[in-house]
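The values are calculated or read from the model by the stated rules, or taken from the named source; none is laboratory data. The structure displayed is predicted, hence computed values, not measured ones. FYI the Cβ positions are ideal-geometry reconstructions off the backbone, even for glycines, and counts take in every protein chain you see. The accessibility values were calculated without ligands, DNA or RNA, using every heavy atom of the protein model including side chains. Shrake-Rupley method; radii C 1.70, N 1.55, O 1.52, S 1.80 Å.
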Amino acid sequence: MASTPVGRPRTRVHVVSDVHGNARDLARAGDGADALICLGDLVLFLDYADHARGIFPDLFGVENADRIVELRTARRFEEARAFGAQLWAGIGADRAAAIEKAVRRQYAEMFAAFPEPTYATYGNVDMPTLWPEYAGPGTTVLDGERVEIGGRVFGFVGGGLRTPMRTPYEISDEEYAAKIEAIGEVDVLCTHIPPEVPELVYDTVARRFERGSLALLDAIRRTRPRYALFGHVHQPLVRRMRVGATECVNVGHFAGSGRPWVLEW
């Protein structure tokens, strides 16, 4: 990284992703930084490390959470959907209301923990329609948009691509590519999901390839940002690697580590 000219103050930004209900550490994530960046997944629906935590076990119990994790980890997605449908049938027409109530409870806690200023985009398990109700004046929500921080231009694209998991904010490849294109050239490209590079999308614990974006990878190669920052893959095979001139960094599974990734210039 280039040295800072004499007399110019340094800028320090902390970056988190995959917060998944960790409000306690989120409240301290901006300590010592000029700004906090959050790359999404505030909601904790089901904790794969602790099956007693999240919306799913709150509604259906830990034993059922154990079973759904077992099926999904084995990539038996059709069986997992059928099992989930059976459980949800017991709630009936109140399913959407029950989920929204639980998500609202988590969002109230998460957004209250954000320091000022925070720049945030959505993860694939988030519900974007609810964010305007909880984002205070110190939180700027960006999706397919740019912002300047400390003299550098940051571009943000939220959400994930469609998968058999059918999480709440999955969009088509075409819609995702359009948002990447709308950003153009930036110094730091911030997304929830990684570029489609095998080492960056493989989760070593879940033992599967998550979905990355080819459009994002193409943009990195064409526009050559200094950094491409992302999360989504909780235990990646590789956390950091160069793609051409760009340093690609998985900023970490904040729910587990409680530590932000630091960018300073």
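I want the local charge near residue 52. Using Cβ-Cβ distances under 13 Å, sum +1 for each Lys or Arg and -1 for each Asp or Glu among the other residues.
Numbers: positive: 53; negative: 47, 50, 58, 63, 66.
Once all neighbours under 13 Å are counted, the net charge is -4.
Angle between the Cα long axis of helix 77-89 and the longest principal axis of the chain, 0 to 90 degrees, nearest 10?
For 77-89 against the chain, the angle is about 60 degrees.
Compute the acute angle (0 to 90°) between the alpha-carbon long axis of helix 214-223 and the principal axis of greatest extent of the alpha-carbon atoms of the chain; round to the nearest 10°.
Orientation of helix 214-223: about 0 degrees from the principal axis.
Using a simple spin-label model with points 7 Å from Cα along the Cα→Cβ vector, what separation in nm is obtained for residue 79 and residue 116?
Here the modelled spin labels are 5.2 nm apart.
Could you pull the Rg and Dmax for the chain, using just the Cα atoms, both in Å?
18.4, 66
Could you pull out every residue, at least 5 positions away or on a different chain, whose amide H is within less than 5 Å of the one on residue 161? Hs are placed 1.01 Å off N in the peptide plane, and Pro or chain starts have none.
Here the answer is 171, since their amide H atoms fall under 5 Å of that of residue 161.
Using just the Cα positions, wrap segment 117-183 in a convex hull and report its mean projected area in square nanometres, one decimal place.
That works out to 4.9 nm², a quarter of the Cα hull's surface.
Starting at the first residue of segment 33-45, write each ³J(HN,Hα) from the Karplus equation 6.51 cos²θ - 1.76 cosθ + 1.60 with θ = phi - 60°, in whole Hz, x for Gly and Pro.
So the J values, rounded to whole Hz, are 10, 7, 7, 10, 10, 10, 9, x, 6, 7, 6, 10, 8.
Counting only residues 5 or more places away or on other chains, whose amide H sits under 5 Å from the amide H of residue 38 once H atoms are built in the peptide plane?
Hits under the 5 Å cutoff: 16, 119, 120, 121.
Taking the chain as a Gaussian network, where each spring joins two C-alpha atoms under 10 Å apart, which residue of 50, 31, 187 fluctuates the most?
50
Specify the residue with the greatest mean-square fluctuation among 134, 176, 107, computed from a Gaussian network of the chain linking alpha-carbon atoms under 10 Å apart.
134
Of the accessible area of the chain, with the probe set at 1.4 angstrom, what percent is carbon plus sulfur?
49 percent
Comparing 22, 250, 64, which has the greatest mean-square fluctuation in the GNM of the chain with Cα pairs linked when under 10 Å apart?
Between 22, 250, 64, it is 64 that shows the largest mean-square fluctuation.
Give the angle, between 0 and 90 degrees and rounded to the nearest 10, that separates the Cα long axis of helix 95-113 from the longest principal axis of the Cα atoms of the chain.
With rounding to tens, the tilt is 30 degrees.
Filter the trypsin sites (Lys or Arg not before Pro) in segment 143-196 down to the DSSP loop ones having no more than 11 other Cβ atoms within 10 Å, then list what survives.
Values: sites: 146, 152, 162, 166, 179; in loops: 162, 166.
Passing both the DSSP loop test and the Cβ count: 166.
Return one whole number: the accessible area per residue of segment 118-265 in Å², for a 1.4 Å probe.
Heavy-atom accessible area per residue stands at 43 Å².
At a Förster distance of 35 Å, what's the computed FRET efficiency of residue 165 paired with residue 109, Cβ-Cβ distance as r, to 0.05?
0.90
Tally Lys and Arg at +1 and Asp and Glu at -1 over the other residues with C-beta under 12 Å from the C-beta of residue 126: what net charge comes out?
For residues surrounding residue 126, the net value is -4.
Around residue 33, under 10 Å between beta carbons, what's the net of Lys plus Arg minus Asp minus Glu among the other residues?
-2
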